[in-house]
Structure formats: structure tokens, C-alpha cells
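Shown next, in C-alpha cells, is the structure this report addresses.
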Amino acid sequence: MKVGIVGGGFLGMCLASKLSRKNIRVSVFEREHQLGGLATWEDYDQFFWDRFYHVILPNDSYLLTFLKECGLQEKLCWEKTRTGYYVDGQFHSVSNSKEFLLFPPLSMASKLRLAFTIYYGSMVKDWRKLEKITTKDCLIKLGGSKNYHKFWKPLLLAKLGEFHDKVSAVFIWTYIKRLFEARENASTEQMGYINGSYKVVFDQLEKIVESNNGKVHLNTSVKNIRPIDSGKIVIETEEGVSEFDKVVFTAPTSLADRLVSPDLLQVDNLHKIEYLGVVCLVMVTKREVSPYYVLNIADDTIPFTGVIGMSSLVNTKYTDGKYLTYFPKYVKSSSPLINREDEQILSDFMEGFYKLYPGFDSGDIISTHIHRAKRVQPIQLLNYSQSIPAVNTLHPNFYMLNTSQFVNDTLNNNSVAKHVENFLQSSPEILKNQQPIFNRVN
Ligand SMILES: Cc1cc2nc3c(=O)[nH]c(=O)nc-3n(C[C@H](O)[C@H](O)[C@H](O)COP(=O)(O)OP(=O)(O)OC[C@H]3O[C@@H](n4cnc5c(N)ncnc54)[C@H](O)[C@@H]3O)c2cc1C
């Protein structure tokens, strides 16, 4: 059995390593010069860390099991973190219930309604009902308009930009559920990371694939995927064509209609899946910028919508003694901001930075980096589950497997690992005709 995998992001490599460990010969095609996709890494001069920020929660059971299977459990580190909120020109810590009760922008009555909303959200079992109502309407109904405008709207704007009032209530439900379960499992807000960043994960996954007779093709953009008479599937790249018994497409859905033959896939609905993009300033400094892992910003004069104090989580011994901070802004993938010059974005974001931290000495800034990605988060509009592409396609040997199929999960690597596991359980035919093992790693 030869399996071709289009896309070397976390999903593609998670699948490739799992198949490899079951002795299936895989070939991964990745258009970039390194693996990782959205979870890839950057060289910050003297150390590598993620291009975007990644955290692991204690309840990420699928991801934690997967990392253990890959022999990476020793690389996991856990730390107590804090969450902040910037509103009306002030920073507030909202890291535990006591601090939340002291949160000044809301009255006690509003806080009680807010607590009820969160508790109610964590108790909902049937997400399908939530697909029919927007997050905005649902939050106003449960917690009132004041809470919505003072507390939720800035958070939704930060996460969803102009889609903040269009997504279904499933979005906020999955979000609350993930955080609620994480807190249930720990008395304090504990978060995890991999010492050495996701680079360590992708290096290991590549090793597992290659030592089991698989191949990772970098700098190899897939141009076309089509069936041939023998029942096999052909992947065409600039280097030529290769035949496979089975092919799994893991790149974003919005790319599928350009790359996949209509004999393999019903393309009618695919354009309905819209993606949010992200623009992110990353700063390497000599001293700490923010004591919070996440600082939510409720101030539309600041050009970014959050501050991720990575070094409040990651021990600086893993980042060459330096501090790492991310300043993201989520925007529609067609937003002009995504295509603006780095210098223009940097200049706007630095202005916002000095509004938040006027006393920060510019001499303490070692370097700044602008990163962007066009297709990050599929937008869960009303009745989203009806427009997603199915895993099984028009052809028994071609599958579509990506994050646009998450109908009741937030976008994170735990959901990715779960999606891959569910796929393997429901498609055992991909595991047939296993090859003999050579030089097996893990
Ligand atoms: C700002 C940000 C913060 C995040 N924070 C967290 C977090 O804290 N915790 C967490 O668990 N997750 C987090 N995530 C989510 C995590 O990064 C994603 O879940 C994960 O990267 C999705 O992987 P994927 O393989 O599905 O998609 P992608 O990473 O998009 O992979 C798709 C791959 O397909 C490749 N590709 C596309 N077209 C072609 C082609 N024609 N030929 C060949 N290859 C092609 C792409 O180059 C890419 O490598 C975050 C993401 C972002 C952007």
C-alpha cells in the first residue's frame, strides 16, 4: 500500500507518522521549504521557536497521547500562567475566580450573569441546537447586552475580526468548554509547551516517516490530483507524477477546487468555507513585556487584539535567555492588511505597543518579525456542519481530511490529533497491505 499525503502541516504529519508506525509506506508533499504549516518554526537568531504561538492544555488528551507515542513526553513542560484583560486604559489580572470577582469594568450582577453564561455553556451537550443561533444573540440572551458589549464583544472581535457577530454559538461553546475542562483538571491555570518548540515535534515526525520507508518532499507544490484507470490516484507536482493506492488531502478546503479533479470531489460547496487569516508581530526582547500568557485587549485604538507573553510560559533557558512576545490580529483572509508591506504593519503595531507599554525601553528590543497566514481558522457560520466537505469523496481511494471538518471543536492540535485518530478508526481500509518494517523508530 502506498499512501500520498498532500500537506506537511501538523495534520498531514500526524497522519503520516501514525501510518508509518503501522508499516504503511507514505509520501508527504509539502509546498514550503520546511514542515509544519501553521505550526512551523522560525529562527529567532540563537534559538528556534514557533512562527505563531502554541500552548498545550492539561486536557489535550489526544495530543498528549500522540506526543507520548512519538517518544516526546520528556520534552513536555508545564507552568502556571496568568490571563489579563486590558480595558479603559488599565491592565487587570483575571487568572482565578477571586480576581474575576474583583474585575472592575463589570458590576457584581453582571459578573454573576457572566458566570452563569459560562457555567451554562460548559453544561450544553447538544451542539447542533447552537448551530442555528449566532454567538452574539446567544450571549445576549444568556448574559445580557451590557455583558456582551463590555466583556464578550472585545474577545470575539479579537478572535474573529469582522465575523464576530456572524459565527454560530458553537464557536463560543467549544471555546468555553475547552477552557472550562482545562481549569476543572487543575486548581490553577496550568499550560504546557514542548521544550524546543514544535520544531522538535516535526523533526521527530519526519524521522519516524523516513525510518519506516516513507518520504517527505519539501518545496514540492502539488498541482493536480486525479484518478487513473487502474483505480489508483495520481499526484502531479513540478517534479513529475506519482501513483498512489490512496491519497489524503490535508491542505485547506479553499485550495481543493484548484487542485483536485472533479472526478474525485464534489466541489460545489467548497467555496462556502471561508477562512480567517492572521497577521502577527513577534518581538524578541531583553526583558519581559507581559506577565500574562494571554492579555485580551478591549481597545480598538490598539492595532493588534491580544498580547501573548510566551516567556511567561516558556522558561527563558530555552530561548537563549531572551523574552518572546506575540502580538496577533485576526482578519478576513481577503483583508488588505494581510498583503501590506512588513514595514507598514510594523510601524502601526509598534505605535500600539508603545500605547500599551509607554515605558518600555527601545534598547531592550532585540528584534521584531512580521508573520502572516491567510488560511487559519475556518469560519463556523450558521448551520456550518451542512457545508463542510465529507472525509469520504466520490472516489474510494481519495480522502479529504482537514480542520474545516471540525464542527464541534476549536482549532487546535488536540482536535487535529483526534480527527486523525477518528479517521483511522473509521477508514481501516487505509491500513491494509502493510509493508515489512525496516529501521523502525518508535
Ligand atoms: C496564531 C495561531 C495560534 C495558534 N495557537 C494554537 C495553540 O495555542 N494550541 C494549538 O494546539 N493550536 C494552535 N493553533 C492551531 C494549529 O496551528 C493548527 O491546529 C494546526 O497547525 C493545523 O494544522 P493543519 O496541518 O491542519 O493545517 P496547516 O498547518 O495549514 O497545513 C496545511 C499544509 O498544507 C500545505 N499545502 C497547501 N497547499 C499545498 C500544495 N498545493 N502542495 C503541497 N502542500 C500544500 C501548507 O503549506 C501547509 O503546510 C494556532 C494557530 C495559529 C495560526
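Any read-out appearing in this document is the output of simple, stated calculations on the displayed coordinates, not a laboratory observation. Since the structure is predicted, the reported quantities are computational estimates derived from the model, not experimental observations. No Cβ is skipped: glycine too gets one built from the backbone with ideal geometry, and neighbour counts run over all protein chains shown.
Here the label points at Q46 and Q266, each 7 Å from Cα along the C-beta direction, are separated by 5.7 nm in the simple model.
Relative contact order for the chain: what is it in percent, counting Cα pairs under 8 Å that are at least 6 residues apart? Result for the chain is 25 percent. Couplings 3J(HN,Hα) of the range 239-249, computed from phi: 7, x, 10, 10, 9, 9, 6, 9, 10, 10, 9 Hz, in residue order, whole Hz [Karplus 6.51 cos²θ - 1.76 cosθ + 1.60, θ = phi - 60°; x for Gly and Pro]. For K150, a cut-off of 19 angstrom between C-alpha atoms picks up these aspartates and glutamates, skipping any fewer than 8 places away in its own chain: D88, E99, D137, E162, D165, D299, D300. Here the range 210-365 yields Rg over Rh of 1.13, to two decimals, using C-alpha coordinates and the Kirkwood radius.
The simple spin-label model puts a point 7 Å past each Cα toward its Cβ; for N96 and N392 those points are separated by 5.1 nm.
Calculated from DSSP H runs of 4 or more alone, at -39500 (n - 2.57) each and per residue, what is the 222 nm mean residue ellipticity of the chain, nearest 500?
For the chain, the value works out to -8500 deg cm²/dmol.
Put simply, the amide H of I366, placed in the peptide plane, has neighbours under 5 Å in V284, T285, K286, leaving out anything fewer than 5 places away on its chain.
Rounded to the nearest 0.05, the FRET efficiency derived from the C-beta distance between L411 and M123 at R0 = 22 Å is 0.45.
For the peptides 237-247, 336-346, 252-262, 162-172, the ranking by mean Cβ contacts within 10 Å, running from highest to lowest, is 162-172, 252-262, 237-247, 336-346.
Neighbours of S110 by Cβ distance under 11 Å: Lys/Arg scored +1, Asp/Glu scored -1, total +4.
At full extension, K68 and D203 could sit 47.1 nm farther apart than now, given 0.36 nm per residue minus the alpha carbon distance.
At 20 °C and a viscosity of 1.002 mPa s, what translational diffusion coefficient does Stokes-Einstein give for the range 309-442, taking Rh as the Kirkwood radius over Cα pairs? Give it in µm²/s as a whole number.
In µm²/s, the coefficient rounds to 108.
Between E210 and E243, the contour length at 0.36 nm per residue exceeds the Cα-Cα span by 10.0 nm. Calculated from the alpha-carbon coordinates, the range 186-302 shows an Rg and a Dmax of 21.2, 62 Å respectively. Spatial offset of the range 376-398 relative to the range 206-271 amounts to 17 Å, using the alpha carbon center of each. When the alpha-carbon atoms of the range 111-245 are used, the pair Rg, Dmax equals 22.9, 64 angstrom.
Pairs spanning more than 30 Å between alpha-carbon atoms, out of K232/K418; K111/K317; K125/K246; K80/K272: K111/K317; K125/K246; K80/K272.
At 4 °C and 1.567 mPa s, what whole-number value in µm²/s does Stokes-Einstein give for the translational diffusion of the range 1-148, with Rh from the Kirkwood sum over Cα pairs? Answer, rounded: 65 µm²/s. Charge tally for L67 (other residues, Cβ to Cβ under 12 Å; Lys, Arg +1; Asp, Glu -1): -1. For the peptides 272-280, 79-87, 109-117, 351-359, the ranking by mean Cβ contacts within 10 Å, running from highest to lowest, is 272-280, 79-87, 109-117, 351-359. Would you please give the FRET efficiency between A115 and E236, computed as 1/(1 + (r/R0)^6) with r the Cβ-Cβ distance and R0 = 41 Å, to the nearest 0.05? Step by step, r from the Cβ atoms, then E = 0.15. What share of Cα pairs, in percent, lie more than 18 angstrom apart in the range 96-184? Taking all Cα-Cα pairs of the range 96-184, the fraction more than 18 Å apart is 42 percent.
In units of the rule-of-thumb radius 2.2 N^0.38 Å, the range 21-76 shows an alpha carbon radius of gyration of 1.38. Just want the answer: with Cβ charges of +1 for Lys and Arg and -1 for Asp and Glu, which residue in L57, P328, A39 is farthest toward the dipole's positive end in the chain? With unit charges placed on the Cβ atoms, the residue in question is L57. Rg of the Cα atoms in the chain, relative to 2.2 N^0.38 Å, amounts to 1.00. Relative protection proxy for 17-30, 300-313, 57-70, from highest mean packing down: 17-30, 300-313, 57-70 (other beta-carbon atoms within 10 angstrom). Applying a threshold of 23 Å to the alpha-carbon distances of K18/K215; K75/K432; K159/K374; K223/K432; K18/K159 flags K75/K432; K223/K432; K18/K159 as lying beyond it.
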